[in-house]
1. Among the numbered criteria (1) without any contact (Cβ under 8 Å) to a residue 24 or more places away in the chain; (2) within 29 Å of A:Arg53 (Cβ to Cβ); (3) not in a strand (DSSP E or B), which single criterion is violated by A:Lys191?
2. How many residues are at the interface with another protein chain (Cβ under 9 Å from one of its Cβ atoms) and surrounded by 21 or more Cβ atoms within 10 Å (Cβ to Cβ) if we restrict to the range B:21-56?
3. Could you list all residues from the range B:125-145 that are free of Cβ contacts under 8 Å to residues at least 24 places away in the same chain and within 14 Å of the chain's Cα centre (by Cα)?
4. What single numbered condition from (1) farther than 14 Å from A:Ser127 by Cβ; (2) of a type outside the set (Phe, Trp, Tyr); (3) surrounded by 22 or more Cβ atoms within 10 Å (Cβ to Cβ) fails to hold for A:Val197?
5. Is it the case, given these coordinates, that B:Val82 is within 20 Å of the chain's Cα centre (by Cα), closer than 30 Å to A:Trp151 by Cβ and either away from chain A (no Cβ under 13 Å) or at pLDDT 95 or above (or both)?
6. Among the residues of the range B:138-155 satisfying the criterion of being of a type in the set (Asp, Glu) and in a loop (DSSP other than H, G, I, E, B), which is nearest to the other protein chains (Cβ to nearest Cβ)?
7. Return the residues of the range A:166-194 that are of a type in the set (A, V, I, L, M) and surrounded by 21 or more Cβ atoms within 10 Å (Cβ to Cβ); say none if nothing qualifies.
8. Within the range A:8-53, which residues are touching a helix residue (DSSP H, G or I) at 6+ places or on another chain (Cβ under 7 Å), closer than 21 Å to B:Asp140 by Cβ and hydroxyl-bearing (Ser, Thr, Tyr)?
Amino acid sequence: MTPATLIACESLEAYVDGELSAAESAAFDKHMVGCATCQQQIERQLRLRALLRTDLARPTASDALRHRILSSLPQDQPESNVVNLPRRQWLAMAAAASVAAILASGATLYVLHPGSEDEWQEAILASHLRATLSGHVIDVASSDRHTVKPWFGGKTKVAPIVLDLADAGFPLIGGRLDIPQKDALPVLVYKAGRHVVSVFVRATEGAPPSGSTTINGFSILSWSEDGLAYSAVSDADSAELQAFQRAFAAARRALP
Amino acid sequence: MSETDRRTRFEQLAVPLLDDAMHLAAWLAGNRSDAEDIVQEAMLRTYKYLDRFSGGAFRPWLLAIVRNTAMTWLKRNRSSKVVLVPDFESEEAPAMADDAQVESPEAALLQRDLAGELNRAVAALPDEFREVIVLRELQDLSYKEIAAVIDAPIGTVMSRLSRARRLLMDALPEHST
């Protein structure tokens with residue numbers, strides 16, 4: 001082994017970790033073509049990484065802990081906690097109240113139209129609110145669609161198209177799993193300016209639903225793509241969601 | 001900074017990272033209840049020192065506080081007992097429940113076994129190796145950020161990561177890595 005290849009072999013982990021410069025990375029690519037040891041090692045490294053990233057437990061903060069922390073912070077005037085609630089918290093409380101209202105009205109709708117589109121919309125809105133209120137918007141954080149799509153692999157019955165819409169002003173921030181109704185569904189999470197957009201993906205029976213609606217100030221827009229139904233939920237306005245959907249459709253057409 | 005400003009900043013910067021803090025604390029402490037105490041203490045410190053944050057990435061800054069709090073907390077409250085099976089292990093390994101529906105039951109079982117072995121292998125790593133693995137693979141930090149969190153040179157980060165990975169590969173069934 002010449003000194004040059006020795007250096008290259010040693011760069012393997014930095015290569016896998018994306019820590020090499022573009023030039024170093026290209027040099028390593030070249031080296032790897034002729035190095036069976038590196039080819040074999042890189043596969044082992046990638047398998048280990050995939051295993052760690054999918055199967056390592058991620059214990060989350062309970063609501064009780066969240067509450068304990070927030071209520072233990074010092075206050076300006078301890079006796080007037082309620083008045084001093086920051087705006088965000090008021091908004092959170094208002095939103096929580098509307099979740100309750102939505103859930104209540106959802107229950108009524110269920111009686112009227114079991115399994116209806118209305119029920120679906122109430123469910124995904126409640127799910128979007130739960131995620132944004134708890135701060136747990138994404139299970140896998142990545143702006144790389146090649147990371148997000150495989151992450152869903154095998155976890156849900158539907159495999160969504162994951163598109164990068166950063167150029168259109170809607171950066172992908174990650175994905176999460178959610179159970180708005182009875183099945184675990186993939187949710188793609190994008191940003192639209194300061195707004196979070198949750199895109200729920202499900203298989204449809206019969207005619208795929210489409211169209212937009214507004215519930216309690218939140219916009220919901222549904223469309224279909226390759227036989228799957230996509231529903232985007234956000235506090236962005238419906239014009240912005242429509243722009244998002246146009247960007248999504250355009251990016252889909254651009255795929256090979 | 002007024003208390004109200006501080007609180008608003010804390011809610012914008014730190015609260016969204018509670019789960020990240022919990023991932024790290026749980027893997028350092030080896031159990032959920034110690035981790036919750038550590039996270040609470042770390043969050044109070046974060047709140048107190050918020051004006052010392054001088055820009056840049058907030059997450060590594062917060063994780064450094066969590067890590068230092070954990071070190072002090074564990075020294076004070078834990079004898080050198082080794083926890084081989086973290087009590088959160090099966091709890092939140094992402095979405096195992098659905099596997100059975102999409103794979104064969106045998107494949108799902110194998111997958112679950114492997115996940116269990118992986119979690120136990122990580123739990124069994126010495127502290128200094130476990131923390132770099134968690135910071136790299138769960139928190140997705142760069143070498144430079146990890147170096148800042150554990151207050152060590154980048155070379156040390158690289159050699160510990162490498163050693164940790166070799167230990168994990170040795171601990172897992174051959175075909176899996």
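1. The failed condition is (3).
2. 10
3. If the condition is that a residue be free of Cβ contacts under 8 Å to residues at least 24 places away in the same chain and within 14 Å of the chain's Cα centre (by Cα), then B:Pro126, B:Glu137, B:Asp140 are the ones that fit.
4. (1)
5. no
6. The selected residue is B:Asp140.
7. Result: A:Leu172, A:Leu185, A:Val187, A:Leu188, A:Val189, A:Ala192.
8. Answer for the range A:8-53, where residues must be touching a helix residue (DSSP H, G or I) at 6+ places or on another chain (Cβ under 7 Å), closer than 21 Å to B:Asp140 by Cβ and hydroxyl-bearing (Ser, Thr, Tyr): A:Ser11, A:Tyr15, A:Ser25.
The values are calculated or read from the model by the stated rules, or taken from the named source; none is laboratory data. Note that this is a predicted model, so its numbers are computed, not measured. Here Cβ is always computed from backbone atoms with ideal geometry, including for glycine, and neighbour counts include all displayed protein chains.
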